[in-house]
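Read-outs throughout are calculated quantities, based only on the coordinates presented, and are distinct from any laboratory measurement. None of the values given here were measured: they were computed from a predicted structure. Cβ placement follows ideal geometry from the backbone for every residue including glycine, while neighbour counts extend to all protein chains displayed.
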Amino acid sequence: MNMDLSRRTDNVPTLEVKHLSRFFGGVAAVNNVSIAFTPQRITALIGPNGAGKTTLFNLIGGYIAPTSGAILLGTGDLTTRKPWEIARLGIGRLFQDVRVFGKLTTLENIVVAFPNQVGEMFWQPIFQRAQMMKMERPNIERAQALLEFVTLADKANTVAENLSFGQQKLLAIARLLAMDAKILLLDEPASGVHPAVLDSVMDLMSRLVDQGKTIIFIEHNISVVLELAHWVYVLDDSEVVAFGLPDEVIHDRVTREAYLGV
Amino acid sequence: MNYLLHILVMIGIYLILTQSLNLVMGYTGLLSVCHAAFYGIGAYASTLLMTSWGVNFFVALIASIVISMLLSFVVSIPTLRLRGDYFVLGTLGFQAIIFGIMYNWISFTRGPYGIPGIPSPSLFGFVFDSPSSYVSLTTAFALLTVGFVYLITSSQFGRVLKTIREDEIASQAIGKDPLFFKTTSFALGAGVAAIAGSLYAGYMRYIDPTSFTIAESLFLITILAIGGSGNIKGPIVGTVILVVLPEVLRFLQIPDTVAPNIRMMLYALALILLVIYRPRGLAGEYGFE
Amino acid sequence: MLPQLLANGLCAGALYAIVALGFGIIYRSTGVFHFAHGAIYTIAAYLTYLMLVATNIWWPVAVAVALLGAAFSGVLAELLVYRPIQKRRASPLAALIGSFGIYLFAVNLIALIAGNETKVLRPGVDITFEVGSVILTRFQLLGFATFVVTLVAFFLFKKSRLGRLLTAFSDNPALVEVLGWNASVIRIAIFAAGSLLAGISAIISVMDIGMDPHVGMSALLISAVAVVVGGVKLFEGAIVGGVVLGIVQSLVVWQFSVRWMDVFTFSILVLFLVLRPQGLLGKKVRLEEV
């Protein structure tokens with residue numbers, strides 16, 4: 001399904017959080033946040049450090065449980081699902097610290113992410129080895145195509161921990177595509193990345209949304225937000241304080257006070 | 001000659017133990033300090049089935065695998081949900097409890113008196129009671145184990161285990177259920193360790209709890225830390241070195257009263273130096289980095 | 001009968017609490033599962049024996065040498081093993097494996113020098129005192145008094161500036177460094193203090209009941225269980241856990257037999273891990289934060 005990388009992803013359900021709150025020992029990290037993320041568009045989350053942006057991602061991804069509120073995907077309820085279940089429903093996450101599998105090669109990092117592989121159950125490598133091997137070949141081809149897509153084709157056999165930070169980000173995004181994520185949660189995709197790679201990352205994001213993916217990203221770099229985002233939410237002190245079109249929001253007084261401090 | 005055969009039998013048994021621990025520790029990144037407990041469970045389960053119920057060795061062996069795997073869930077299901085060191089503590093507790101039961105439930109296990117008179121394994125009338133026949137038995141099982149661990153790790157299953165070892169959160173993020181894979185890996189390790197226990201009982205024809213202590217669990221970890229883990233050859237290198245080394249020391253005529261202590265100090269020194277300077281061990285791929 | 005059992009349990013638990021507090025401080029603040037804490041305990045025990053029997057020195061000097069030896073060994077473990085491991089940002093489990101190594105080395109070295117057999121320092125029966133309806137030995141009273149002194153000292157320390165620094169370091173070592181403190185010096189101090197506590201417990205215990213090279217292992221295991229039972233996230237957890245374990249063990253011995261004491265102790269460990277991983281003192285937390 002990923003072989004043809006130019007194919008559009010259709011029927012992406014809407015991801016929505018409703019009155020979502022999370023308290024840590026009485027302190028709100030996310031407080032009564034309600035957002036419906038427009039499918040097949042790029043939404044940016046901006047705001048100062050500690051505003052609750054990453055916590056919101058952790059809540060959506062199932063890594064922490066909300067104190068109250070709900071997380072919905074289309075008509076389905078994600079609120080109590082486990083992280084791996086949420087990932088399988090097509091919500092992929094790029095971590096701020098990337099989290100590639102350091103000892104695995106770049107290619108292996110991607111191949112492992114394909115869902116439902118024959119050979120993942122421990123008896124299959126013994127009793128269905130032929131079938132397992134047969135399925136592996138097209139998977140490797142798809143993985144190589146994905147590597148090419150993210151401009152890492154020449155690094156296929158490099159151990160992931162030896163890639164640069166920016167290359168690891170590209171790899172992590174390719175991994176999300178391999179798991180067939182339709183909604184991508186990207187935590188600071190542009191930070192810590194070499195300027196040359198930054199262009200690749202930004203280019204990749206716009207190509208992905210052209211294909212019909214939904215992208216939600218956290219970003220501090222305002223020019224990246226202005227260039228990519230279709231819609232922006234500003235979080236400050238655990239709440240949504242402003243939202244709208246990037247131009248309007250960035251020039252809004254509330255945003256400037258909350259975020260830019262100017 | 002018999003002496004050499006004895007060493008070969010012990011290498012076979014320890015290969016089974018270390019390769020099974022390799023699955024848990026080297027591939028999945030779980031530090032289990034109760035591997036000797038599963039070794040003991042295998043030995044006691046087979047022995048009791050053979051001596052009390054007259055079950056054939058090979059049937060008892062299979063039963064002991066099942067029992068050991070079922071008991072592994074007692075530790076893994078509750079503790080694997082928690083952070084890493086809680087699993088270490090849980091396995092430590094399990095090790096101490098299993099040893100306590102083997103040692104103290106005298107009406108069931110004969111406790112410190114041990115169980116003598118264990119029958120030698122027999123298959124279709126052939127009895128494995130000579131050292132040479134036993135070498136073929138343990139070698140066959142060791143090869144089966146190495147083959148089994150190789151097959152299941154050189155696969156999609158093995159690849160998922162490695163992602164859990166590398167970064168469990170990222171593994172969840174690509175849609176793998178770590179609890180399922182960790183529980184499976186731990187159960188398989190426990191089942192294979194039971195094979196080693198059964199073979200040990202059938203070979204020595206006498207068992208007591210002192211073979212299955214926490215010190216034995218730590219010794220198995222030492223073998224993997226020295227030889228290396230996360231691939232097939234690391235545990236083989238470690239096992240051969242650590243099983244043969246005592247014999248080398250004996251050859252050097254170090255008196256028996258101090259030999260065990262000197263041996264353990266050498267192990268300890270190797271362990272410390274390797275964990276600092278070469279965490280992957282002599283031939284391994286992974287070392288808790 | 002019951003008051004006597006509770007008193008025995010409390011006195012045993014007092015010594016557990018001291019060694020467990022040392023283990024707990026190290027574990028909580030450095031993240032090192034200090035398996036070698038058991039070796040430090042054994043070292044203190046044998047130094048006491050060596051000083052008292054071989055040199056026949058005045059006992060306070062013997063005690064001082066043993067305590068200094070314990071603290072020094074703890075610092076040595078940090079400098080020679082844990083620091084290089086930490087430098088290469090290895091997983092905490094690597095430190096644990098290094099710690100096994102230290103334990104094995106030290107205990108076998110002691111066995112090589114002093115032999116594997118049990119050594120006793122106090123022949124015959126100890127002097128006893130009647131306290132109400134309860135009869136206590138001299139060493140039980142000494143142990144309990146030391147426990148009280150240690151407790152007072154610990155709480156005074158915790159309230160002090162250095163104590164607050166320790167708490168801050170446990171929560172966030174990087175932050176403490178930003179504030180201008182040297183993290184490696186703090187770690188050395190933590191290992192010295194933790195080892196000192198192991199030494200205190202060891203000396204009182206082995207003067208009373210004697211020693212073999214493996215005494216440290218049970219002290220270590222008890223410490224680990226006590227820390228989990230009391231609560232890993234608080235230093236006080238080890239104290240509460242140690243006392244509770246002492247009392248429970250005393251009751252188990254009475255109701256069942258001394259044979260089943262270890263099985264009960266570790267069943268308690270497993271039960272806590274399953275049902276209350278935050279320990280007795282810990283606040284209810286969700287799994288993902290444990």
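Structural remarks
- Taken one residue at a time, the phi angles of the stretch B:217-226 give Karplus couplings (6.51, -1.76, 1.60, θ = phi - 60°) of 4, 5, 4, 5, 5, 4, 4, 5, 5, 7 Hz. Gly and Pro are set to x.
- When the trypsin sites (Lys or Arg not before Pro) in the stretch B:176-223 are filtered for DSSP coil states and for at most 15 other beta-carbon atoms within 10 Å of their beta-carbon, the remaining sites are B:Arg205.
- Exercise: per-residue mean of other protein chain Cβ atoms within 10 Å, A:87-95: 3
- The helix-based estimate of mean residue ellipticity at 222 nm for chain A, built from -39,500 (n - 2.57) per DSSP H run of four or more residues and divided by its residue count, is -9500 deg cm²/dmol to the nearest 500.
- Euclidean distance between Cα centres, the stretch C:204-221 to the stretch C:130-183, Å: 22
- Length added when fully stretched, A:Ala130-A:Ala156, from 0.36 nm per residue minus Cα-Cα: 6.9 nm
- From the alpha carbon centroid of the stretch C:56-124 to that of the stretch B:133-160 is 39 Å.
- Computed log₁₀ I(q)/I(0) - Debye formula, equal Cα scatterers, no solvent, the protein assembly as shown, q 0.05, 0.06, 0.08, 0.09 Å⁻¹: -0.32, -0.45, -0.79, -0.98
- Globularity ratio of chain B, using Cα Rg and 2.2 N^0.38 Å: 0.98
- Radius of gyration and maximum dimension Dmax of the stretch A:35-151, Cα, Å: 17.8, 54
- Only aspartates and glutamates eight or more places from C:Lys159 in sequence, or on another chain, were considered; those with a Cα closer than 19 Å are C:Asp171, C:Glu236.
- Where trypsin sites (Lys or Arg not before Pro) in DSSP loops with at most 12 other Cβ within 10 Å are excluded, longest remaining stretch of chain C: C:90-282
- Estimated FRET transfer efficiency (B:Lys233, C:Ala183; beta-carbon r; R0 56 Å; 0.05): 0.90
- Alpha-carbon geometry of the stretch A:56-116: the Rg and the Dmax are 13.5, 41 Å, given in that order.
- Cα radius of gyration and Dmax for chain C (Å): 18.8, 58
- With a threshold of 30 Å on the Cα-Cα distance, the over-threshold entries among A:Lys103/C:Lys283; A:Lys213/C:Lys283; A:Lys155/A:Lys213; A:Lys82/B:Lys233; A:Lys134/B:Lys233; C:Lys87/C:Lys158 are A:Lys103/C:Lys283; A:Lys213/C:Lys283; A:Lys82/B:Lys233.
- Converting phi to 3J(HN,Hα) with the Karplus coefficients 6.51, -1.76 and 1.60 and the offset θ = phi - 60°, the stretch B:135-143 yields 4, 5, 5, 5, 5, 4, 5, 5, 5 Hz in sequence order, with x at every glycine or proline.
- Neighbouring partner chain Cβ atoms per residue of C:269-279, average, 10 Å criterion: 5
- Summarising the amide proton neighbourhood of A:Thr14: residues at separation of 5 or more, or on other chains, whose placed amide H is nearer than 5 Å comprise A:Gly74.
- Volume of the Cα convex hull of the stretch A:15-260, divided per residue and given in Å³: 133
- Residue (of B:Ile77, B:Ile221, B:Ala190) at the positive-pole extreme of the stretch B:77-231, dipole from beta-carbon charges: B:Ile77
- Value at 222 nm in deg cm²/dmol, rounded to 500, when DSSP H runs of n ≥ 4 in chain C each add -39,500 (n - 2.57): -24000 deg cm²/dmol
- Considering only the stretch A:15-260, percent of DSSP beta bridges that pair antiparallel, nearest 5: 55
- Vicinal HN-Hα couplings computed from phi for the stretch C:145-160 (Karplus, 6.51 cos²θ - 1.76 cosθ + 1.60; Hz; Gly/Pro x): 4, 4, 4, 4, 4, 4, 4, 4, 4, 5, 5, 4, 4, 4, 6, 6
- Around the amide H of A:Ala29, modelled in the peptide plane, lie the amide H atoms of A:Arg22, A:Phe23, A:Phe24, all under 5 Å away and 5 or more residues distant in sequence or on another chain.
- Placing a pseudo-label 7 Å from each Cα along the Cα-to-Cβ vector at B:Ser52 and A:Asn11 gives an inter-label distance of 5.8 nm.
- Note on B:Ser120 and A:Phe23: the model spin-label points, each 7 Å out from Cα along the C-beta direction, lie 7.3 nm apart.
- The residues A:Trp231, A:Trp123, when put in order of fewest to most other Cβ atoms within 10 Å, stand as A:Trp123, A:Trp231.
- Spacing of the two label points (7 Å from each Cα toward its C-beta) at C:Ala174 and B:Ile169, in nm: 1.2
- Using Cβ point charges alone (K and R +1, D and E -1), the dipole size of the stretch B:2-213 about the Cα centre works out to roughly 160 debye.
- Peptide B:82-88 shows a mean partner chain C-beta count of 6 within 10 Å per residue C-beta.
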